[in-house]
Every structure is written in structure tokens, then in C-alpha cells.
Amino acid sequence: MNLNITLLVGTMTGTAQLCAQEMELALDDGDTQVETLLMDNLDSSVFSRQGVFLICTSTYGQGDVPDNARALYEDLKAQRPSLSQVRYGVFGLGDRTYAETFNFGGKRFDDILTELGATRIGERYKHDASSGVLPEETALEWCRQWLGLIAEATSSSR
Ligand SMILES: Cc1cc2nc3c(=O)[nH]c(=O)nc-3n(C[C@H](O)[C@H](O)[C@H](O)COP(=O)(O)O)c2cc1C
């Protein structure tokens with residue numbers, strides 16, 4: 001499938017970046033082209049890129065987005081661009097030990113993107129660091145299924 005994917009990474013200690021690297025390797029096959037961007041220094045204009053978006057972010061503080069994702073998140077809230085053309089998925093990382101705010105980093109992006117008119121493809125994935133399941137392995141499996149859903153959504157909207 002001829003598709004561009006922009007993979008946006010929010011991370012504090014690199015786990016989400018590792019997941020993103022695995023997903024890029026799995027998804028980028030020549031037909032599907034993946035560009036991975038750390039969220040540092042991005043603003044909401046990144047969503048005017050062609051193709052679909054994959055948000056891969058952890059959670060910090062008290063259910064906050066990681067520091068490197070804050071500027072992008074705050075800009076979405078401040079600028080409130082119309083994102084009705086945007087389709088996206090969310091691979092979130094967190095830890096169930098933080099019961100009240102489990103995976104809120106991914107949730108915050110999901111909520112604001114939906115509010116701005118974007119359409120999520122697939123369920124938001126919520127990795128649990130205390131589960132013993134390696135996030136990069138889950139990421140690999142999850143993103144293949146997600147690509148299948150993107151293919152369905154793309155063919156039904158043609
Ligand atoms: C100081 C601190 C605060 C955290 N706060 C939360 C939280 O509120 N909710 C949550 O689900 N996970 C929380 N986590 C867990 C991280 O999101 C999780 O370990 C994740 O895998 C880290 O990914 P990263 O290396 O990409 O930043 C916290 C971790 C630390 C060290």
C-alpha cells in the first residue's frame with residue numbers, strides 16, 4: 001500500500017523511541033514510508049503533512065505528556081487547528097502502578113486530536129511497564145494490525 005506514516009515520539013527515557021524504531025522497521029517496506037520524528041520542537045503544523053500519523057508516547061509526572069511532547073501538546077490546545085483530514089493511531093506507554101493516571105500521555109493526545117476533528121484508527125494501545133511484557137515486542141505486533149486497519153479504512157474511503 002502506498003502510504004506515508006509520520007511516527008511522532010514522546011519519550012523521557014527512550015522506551016517509546018525504542019518502540020518507534022521497531023515499528024518503523026516493521027512498517028517501512030518501500031511502499032509504506034515511515035518518518036519518525038521526536039516531538040521536540042514540533043508544533044501543530046506537523047499535522048498538515050500527507051498521510052497518517054502514529055503517536056507513540058509515554059506518561060510522566062501526574063499523568064502528563066513527557067517533557068519533549070509538551071510544546072506540541074500545548075500548541076494543539078492553543079491553536080486548535082481543524083484536523084478533520086487527519087487519521088491517527090496511538091501506542092501509549094505507562095505503568096499501572098500509577099492507577100489514577102495510567103497511560104494518560106497517550107490519552108491526552110487521543111482526546112485533543114479527537115476534539116479537533118481527527119479520526120483514530122484502531123484502539124488506543126496501553127502498554128503497562130509493570131506487566132513484564134516488552135513494549136518493543138508488543139509494538140511490533142500491534143503496528144502490523146494497525147496497518148491492516150489503515151488499509152481497510154483507506155480502501156473504504158476511496
Ligand atoms: C517519574 C515517573 C512518572 C510516571 N508517571 C506515570 C503516570 O502518571 N502514568 C503512567 O501510566 N505511567 C507513568 N510512568 C511510567 C512511564 O510512562 C513508563 O515507565 C514508560 O514506559 C516510560 O517510557 P519512556 O522511557 O519512553 O519515557 C511514570 C514514570 C516515571 C519514572
For the stretch 11-158, share of DSSP beta bridges that run antiparallel, in % to the nearest 5: 10
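Go ahead and estimate [θ] at 222 nm for the chain from helices alone: -39,500 (n - 2.57) per DSSP H run with n ≥ 4, summed, over the residue count, rounded to 500. Intermediate results must be reported in sequence, preceding the final value.
Details: 4 runs with 60 residues, N = 158.
Result for the chain: -12500 deg cm²/dmol, rounded to the nearest 500.
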Enclosed volume per residue, in Å³, of the convex hull spanned by Cα atoms of the stretch 103-158: 73
Dipole magnitude of the stretch 1-100 about its Cα centre (Cβ charges: Lys, Arg +1; Asp, Glu -1), debye to nearest 20: 360
Projected label distance in nm at Ser45 and Asn2, using a 7 Å step from Cα toward the beta-carbon: 2.8
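About the Cα centre of the stretch 1-52, how large is the charge dipole given +1 on each Lys and Arg Cβ and -1 on each Asp and Glu Cβ? Please answer in debye to the nearest 20. Don't skip to the answer; put the middle values down first.
Values: 1 positive and 8 negative charges, 32 e Å.
For the stretch 1-52, the charge dipole is close to 160 debye.
Could you compute how fast the stretch 1-157 diffuses translationally, taking Rh as the Kirkwood radius over C-alpha pairs and applying Stokes-Einstein at 37 °C with viscosity 0.692 mPa s? Give it in µm² per second. Before the final figure, lay out the partial values.
Values: Rh = 15.4 Å.
Estimated diffusion coefficient is 214 µm²/s.
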Charge dipole magnitude, Cβ of K and R +1, D and E -1 - the stretch 52-107, Cα centre, debye nearest 20: 240
Dipole of the chain [Lys/Arg +1, Asp/Glu -1 at C-beta], most positive-end residue of Asn2, Leu38, Leu113: Leu113
Which of Ser155, Gly92, Leu140, positive extreme of dipole for the stretch 86-155 (C-beta unit charges): Ser155
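The numbers here are math on the coordinates, done by the rules we state, and not lab data. Quick caveat: nothing in here was measured; it's all calculated off a predicted structure. Backbone-built Cβ (ideal geometry, glycine too); neighbour counts: all protein chains shown.
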